[in-house]
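For reference, the structure discussed in these notes is given below.
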Amino acid sequence: MANIGIFYGSTTGNTEKVANLIRQAFGEENADIYNVDVTDLADIEKYKFLIFGVSTWGVSDLQDDFEDFMEILEKVDFSGKKVALFGLGDQSTYTDSFVDAMGILYERLKKKGVKIVGFVSRSGYNFTDSMALVKDKLAGLAIDEEFESQLTGKRVNEWVEMLKKEFVI
């Protein structure tokens, strides 16, 4: 069994695409991937290292499947686990709410005492505000597939290299 569980919600396929890129960067033998729409508590609890990917819809709205998934996350025992987050958003149109869904997820997990890793510098992004900002860093990997898809591969690979050290892989 792989050590890493990657869980995503995707409406248009972009978050699924990024989840697959993350899995490839870790090596498929090291990571399993799940759509949150068909995930249960047992799927999450079997992993020591977890990655959750969510997209922001409109202004600060979670992707539909993630709305229901939040109830499952409330029941997870995160003791001894490390969690990383990635979020998709549009920093040009929604400049003051870029990847807010990732920030919402971060806050919920933080209240549960979850060990969150994988913070990313806001340098190289062009937005004015985000609920995902934590002490001037993003709570995880931020991806803009609408206007900066050419940077996705590079951003994913750099983030995964950082996570390999955090996850000791």
Inset, instruction - Please work out the ratio of the alpha-carbon Rg of the range 20-63 to 2.2 N^0.38 Å and round it to two decimals. - result: 1.35
Inset, instruction - Please sort 95-107, 14-26, 68-80 by packing, taking for each peptide the average over its residues of neighbouring beta carbons within 10 angstrom, highest first. - result: 95-107, 14-26, 68-80
Inset, instruction - State the dimensionless ratio Rg/Rh of the range 64-123 (Rg: radius of gyration of Cα atoms; Rh: Kirkwood radius). - result: 1.00
Legend entry - the chain: angle of helix 100-111 to the longest principal axis, Cα-based, in degrees nearest 10: 40
Legend entry - Per-q log10 I(q)/I(0), the chain, q = 0.15 Å⁻¹ (Debye; single scatterer per alpha-carbon; no solvent): -0.73
Inset, instruction - Just order 119-127, 140-148 by mean Cβ neighbour count inside 10 Å, highest at the front, would you? - result: 140-148, 119-127
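Every read-out reported here was derived from the displayed coordinates using simple, explicitly stated rules and does not represent laboratory data. For clarity, every value in this text was computed on a predicted model and none was experimentally measured. In this analysis, Cβ positions are derived from the backbone assuming ideal geometry, glycine residues included, and neighbour counts consider all displayed protein chains.
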